[in-house]
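The next block holds one structure in the form of C-alpha cells; read it before the comments.
The values are calculated or read from the model by the stated rules, or taken from the named source; none is laboratory data. Computed from a predicted model, the values in this text were never measured in an experiment. With ideal geometry, Cβ positions are generated from the backbone for all residues, glycine too; neighbour counts draw on all protein chains shown.
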Amino acid sequence: MRPSSQSLTLLALVALLFALAACAQIKALPNLPANHPEELASGPVSCTECHEDQQKGTLKQYAAFNHSRSFITNHRFYAGSDDVLCATCHKVSFCADCHTNQTEIKPSVKNGSRPDRVMPHRGDYLTLHKIEGKLDPASCHRCHGRANNERCVVCHR
Amino acid sequence: MKKVLSRLLASLSLAALPAAAYAADSLVDTTTLLRFSQDSRPGVAKSTLLPATVFLGLDADKLADGKLSAHVLGWGRADLADKSFNENQVDGSLTYGYLQYRFGAANAQARAGRFFVHEGILNEQVDGVSVRSDLPYGFGVSAFGGATVHNVRIPGTSSDGKGDGIFGGRVNYRYGGMFEIGLAGVYETVAPTMADPNLAGRFGSHRVIGADLWYSPFAKVALMARASINTETSRWAEQGYLLTVKPLKDLTVTGEFNDYQDRDLFYSSALFAAMPSMLSGNNLNQQSRTFGGSASYQLNPKFELTGDYKHYTREIGKADRLGAELRCTLSDLAVRTGAGYHYLRSSADFAVLPTLDASGSFHELRAWAMRDTKSYFASLDVIDYLFKREIDGKKNALELYGSLGYHLTPNLALSGDLSYGSNPQNTDELKGLIRLNYSMKLAGKGDTK
C-alpha cells in the first residue's frame, strides 16, 4: 500500500493545484436557481409546455425531463446525474416518501388520496412480492438492500 | 430508540430553531396519520392496531447571508392500542437533517448533517459532509464522507451488516447538454462479521466503483447507461442501459437492458446476500437479466397511453410482462382517471410455492379516479390481481381504496381513507386512516411572496 499511497498524495496535490488555478474560472460558471422560479401544480409536468427547447451551457435539453410515464419509471437514470436540477423543484421529502432509511408506511398509503401517482406496491403486496421478489430482486435491493428492511427481516431469516 | 429520538431532537434544535427565527423563507410540513386495522388472520392472536404517526418536515431557506439553508425530515409513531410494527410501542427515525450552503456560482454546494447522496451509480445515506461543484471546461466533482446511517439489526446477529465509516465521490465531464460521463466510487469501512452461515463467502464490505453515461447526439435520441463493479469480488455487479427515442413530439419510445450479477450486487446487503428462499431452499442466482421497452403517447393534452413489455431471465426461469395503461387528465387537473392491464407470464419457478403444478402467472387490473377541487378531494382506486393458480386457496387479491378529504384552509387538509381487501392472507380486511396535513410557508421580512 505504501507506494500507491505516495502516488495518491502526489495526485491529490496536482489536483489541488489544478483546482486553485481553476478557481477564478469557477466563479464565472452559472448557478441553477435554488427553487424553480415558477411554482407548478401537482400532476403530470411537461417542461416543453413552458420552455423552448433550446440548449444552454451544460444544461441538457428540457424535453429530456418531460415527466412522461417512461421518465417516471426510469427516473433513476436522470437523478444520478442531475440531482441539482431535480432539487430546484423537489424537496428531499418528496423523494423520501419512497426512498428512505426506515419507514413503516407504504408510499401508496401515506399518499392514499393520490391514486394518480406512480407508487410502488399497490394492492396486496405482501402476497405479490413473493412473486415479484423472485422475478427482479435487484430492483428491490435498491430500496430494501441496505435500508428500510426492518419489516423484511421478521420473515426473511 | 433513545439514540434516534435524541438525535432527532438535537438536529431539530440545532437546525430548526434558529432557522425559524432568522430564515427569510421557511416551509413547515407535517402529516399526521392515524391508522386503524384489526389483525384477525387465522392462527394469529387477534389484535387491534391503532398507530399514530407524525411526519415533520422543515425547510428553512435564506439563512445567514442568504445562501445557507436547513432541511429536516423525521417521523415518530406511537401505538394507541396493540403493538403495530415492531416490539416498540413508540418508534421514530430521523430521515434527514442537514445544513446546506450554496455558493454563488458553478452549482457549488456543501452539506453537513444527515443527507442522501445520489451521484451517478452511488446511492447512500450519510451522517457527515459533502461538497460538489461544476468545474471549468465541463468538468464537475463531488465528494462525501462521514458515518454510515445504521439500520435495524439482523435478528440473531449484533449488527445491520454495515461498516461504520463511509466516503466516496464522483467526477464527471459534460460536453454541452449532449454528452456526460461520470466515474464514481464508494468505500465503506470493513463490514462486521455476521454469524449467519448462509452469508459465508457471500457477504462483505461495501466497496463499489462504476460509471454513468448520457449521450444525446440530437434532441430526439438519448442513451443512458450505468455500470458498477464490486471491488471486493472484482466482478461486475450491475449494468443498465436505457435508450429513449422521441420520433414525434408526443411519443416517447424506450428500450432497456439490465444485467445483474446477483452475488456481486447483493454482496454488502446482509438481507439480500443470503435471501434463502424460505419455502424452496436457496435460490439466489448469479446471472439475472431483464430487457424490455415502452411507448408513451400523449394523444392530446388529456390522454396519455402507455404500453410496456419486459422480459426477465433468471437461472431459475423466465418470465414476461406485457401491459398497457391509459391516463386521462381533465378540466385543469381537477379530474384525473386511469385504467391499466398487465399480464405476467412466468414459469412455475416464480410461484410462491414452486411446486410442479404451481404458476407464478397473474393478471393485474386497475382503475382509478380522483377529483381535486379548492374545497374537497376524493378518490377511488380498484386493483385486482387474478392468479392463474390459486394461492393459499384464493383465486385473486382484490383491493378497493377510497379517500375523501377537505382543504379546511389553504394550509390545512383533513382526509380519511378506507380500504377493503380480500386476498390470500385475509378474506375480509378492512383498514382505515385519518390524515391531517399542515403545510405552511413562513415568509420573513424582505420576501415578496
Quiz item: Do we have any residue at all in segment A:55-64 that's at positive phi and more than 7 Å from every other protein chain (Cβ to nearest Cβ)?
Solution: yes
Exercise. Identify all residues within segment A:132-157 that are assigned to a loop (DSSP other than H, G, I, E, B), more than 7 Å from chain B (Cβ to nearest Cβ) and within 17 Å of the chain's Cα centre (by Cα); write none if there are none.
Key: A:148
Self-check item: segment B:314-342, residues that are among the acidic types (Asp, Glu), surrounded by fewer than 17 Cβ atoms within 10 Å (Cβ to Cβ) and either under 20 Å from residue A:117 (Cβ atoms) or at the interface with chain A (Cβ under 9 Å from one of its Cβ atoms) (or both)
Solution: B:332
Quiz item: Of all residues in segment B:129-145, which are more than 8 Å from chain A (Cβ to nearest Cβ), out of contact with any Leu (no Cβ under 7 Å at 6 or more places or on another chain) and either free of Cβ contacts under 8 Å to residues at least 12 places away in the same chain or surrounded by fewer than 21 Cβ atoms within 10 Å (Cβ to Cβ) (or both)?
Solution: B:129, B:131, B:137, B:139, B:143, B:145
Quiz item: Any residue at all in segment B:348-360 that is without any contact (Cβ under 8 Å) to a residue 24 or more places away in the chain, over 24 Å from residue B:260 (Cα atoms) and in contact with a helix residue (DSSP H, G or I) (Cβ under 8 Å, 6 or more places away or on another chain)?
Solution: yes
Quiz prompt | residue B:237 within 11 Å of chain A (Cβ to nearest Cβ), assigned to a strand (DSSP E or B), over 20 Å from the mean Cα position of the chain (by Cα) and within 20 Å of residue A:136 (Cβ to Cβ) | solution = yes
Quiz item: Can you name the number of the only condition in (1) in a helix (DSSP H, G or I); (2) more than 7 Å from chain B (Cβ to nearest Cβ); (3) aliphatic (A, V, I, L, M) that residue A:128 fails?
Solution: (2)
Quiz item: Restricting the search to segment A:40-57, which residues are touching a helix residue (DSSP H, G or I) at 6+ places or on another chain (Cβ under 6 Å) and part of a loop (DSSP other than H, G, I, E, B)?
Solution: A:51, A:53
Practice problem: Pick out the one residue from B:181, B:229 that is assigned to a strand (DSSP E or B) and facing chain A (nearest Cβ under 10 Å). | Solution: B:181
Exercise. Go through segment A:112-130 and give me each residue that's surrounded by fewer than 19 Cβ atoms within 10 Å (Cβ to Cβ) and farther than 22 Å from residue B:354 by Cβ.
Key: A:117, A:118, A:119, A:120, A:121
Self-check item: Condition broken by residue B:79, with the remaining ones in (1) more than 8 Å from chain A (Cβ to nearest Cβ); (2) modelled with pLDDT of 95 or more; (3) closer than 24 Å to residue B:430 by Cα satisfied
Solution: (2)
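Conditions tested, residue by residue: (1) facing chain B (nearest Cβ under 7 Å); (2) hydrophobic (A, V, I, L, M, F, W, C); (3) touching a residue at least 60 places away in the same chain (Cβ under 8 Å); (4) closer than 27 Å to residue B:55 by Cα.
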site: A:21; (1), (2), (3), (4): no, yes, no, no
site: A:50; (1), (2), (3), (4): no, yes, no, no
site: A:66; (1), (2), (3), (4): no, no, no, no
site: A:81; (1), (2), (3), (4): yes, no, no, no
Quiz item: Of all residues in segment B:293-306, how many are facing chain A (nearest Cβ under 10 Å) and assigned to a strand (DSSP E or B)?
Solution: 9
Exercise. Tell me, please, whether a residue that is in contact with a Lys or Arg (Cβ under 9 Å, 6 or more places away or on another chain) and part of a loop (DSSP other than H, G, I, E, B) can be found in segment A:1-13.
Key: no
Self-check item: Any chance residue A:71 is under 30 Å from residue B:338 (Cβ atoms), more than 7 Å from every other protein chain (Cβ to nearest Cβ) and touching a strand residue (DSSP E or B) at 6+ places or on another chain (Cβ under 8 Å)
Solution: yes
Quiz item: Is there a residue in segment A:131-141 that is in contact (Cβ under 8 Å) with a residue 40 or more places away in the chain and surrounded by fewer than 21 Cβ atoms within 10 Å (Cβ to Cβ)?
Solution: no
Quiz prompt | Filter result for residue B:400 (under 14 Å from residue A:122 (Cβ atoms), of a type in the set (A, V, I, L, M), facing another protein chain (nearest Cβ under 9 Å) and within 25 Å of the chain's Cα centre (by Cα)) | solution = no
Quiz item: How about segment B:194-223: which of its residues are of a type in the set (S, T, N, Q) and either closer than 17 Å to residue B:275 by Cβ or assigned to a strand (DSSP E or B) (or both)?
Solution: B:198, B:216
Self-check item: residue B:174 farther than 22 Å from residue B:125 by Cβ and under 26 Å from the mean Cα position of the chain (by Cα)
Solution: no
Quiz item: Inside segment A:58-70, can you point out the residues that are within 26 Å of residue A:121 (Cβ to Cβ) and in a loop (DSSP other than H, G, I, E, B)?
Solution: A:66, A:67, A:68
Quiz item: Can residue B:357 be described as closer than 30 Å to residue B:347 by Cβ and either under 26 Å from the mean Cα position of the chain (by Cα) or of a type in the set (Gly, Ala, Ser) (or both)?
Solution: no
Self-check item: From B:363, B:311, residue being within 23 Å of the chain's Cα centre (by Cα) and more than 10 Å from every other protein chain (Cβ to nearest Cβ)
Solution: B:311
Practice problem: Say whether the condition of being over 23 Å from residue B:320 (Cβ atoms) and outside any strand (DSSP E or B) is met by at least one residue in segment B:400-412. | Solution: yes
Exercise. Specify which of the listed residues (A:142, A:151) is of a type in the set (D, E, K, R) and at pLDDT 95 or above.
Key: A:142
Quiz item: Before we move on, is residue B:170 basic (Lys, Arg), more than 7 Å from chain A (Cβ to nearest Cβ) and assigned to a strand (DSSP E or B)?
Solution: yes
Exercise. Please go through segment A:71-122 and pick out each residue that is part of a helix (DSSP H, G or I) and either within 17 Å of residue A:148 (Cα to Cα) or among the hydroxyl-bearing types (Ser, Thr, Tyr) (or both).
Key: A:73, A:78, A:88, A:92, A:93, A:94, A:95, A:96, A:107, A:108, A:109, A:110
